[in-house]
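See below for the structure under consideration.
The values are calculated or read from the model by the stated rules, or taken from the named source; none is laboratory data. All values derive from a computational prediction rather than experimental measurement. No Cβ is skipped: glycine too gets one built from the backbone with ideal geometry, and neighbour counts run over all protein chains shown.
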Amino acid sequence: MVYDPAKNCWALADLVIGEGAPSPGVSGGIQFDAKRNLIWICDSGVPGYGGGISVLRFEPAKAGLKALKDTAPPPAEKK
C-alpha cells in the first residue's frame with residue numbers, strides 16, 4: 001500500500017518481493033534516501049525470522065497502482 005500525496009489517497013502497488021526479504025515490524029524500519037531516490041527497509045532479526053536489509057527504487061509508472069476507494073478524507077466543511 002502506498003500513499004499518493006498529490007491525490008491525497010491510498011493505492012495498492014503490485015510489487016515483487018523476493019523470498020527472505022525483510023518486512024519491518026516492531027524490530028525494523030523504513031528510510032527514504034532522497035539523494036539516491038531509494039527506500040531502505042531493515043529488520044534487526046527477531047529470533048526465528050532472520051533479519052537483513054532490502055532496497056527499493058519505487059517507480060510509480062511501473063508499480064501497477066490500483067486506487068483504493070473511499071480512502072481520502074471528506075472535504076472540510078465551510079463555516
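Starting from segment 29-41, take each residue that is under 15 Å from ILE17 (Cα atoms) and list its partners that are hydroxyl-bearing (Ser, Thr, Tyr), counting only C-beta distances under 6 angstrom and pairs at least six apart or across chains.
If the second residue must be hydroxyl-bearing (Ser, Thr, Tyr), the pairs left are ILE41/SER54.
Which ones in segment 33-47 are modelled with pLDDT of 70 or more and surrounded by fewer than 11 Cβ atoms within 10 Å (Cβ to Cβ)?
Matches in segment 33-47: ALA34, LYS35, ARG36, ASN37.
Only residues in segment 48-69 that are over 18 Å from GLY18 (Cα atoms) and at pLDDT 80 or above count as the first member; pair them with residues that are assigned to a loop (DSSP other than H, G, I, E, B) and not hydroxyl-bearing (Ser, Thr, Tyr), Cβ under 7 angstrom, at least 6 apart or cross-chain, and list the lot.
LEU65/ALA13
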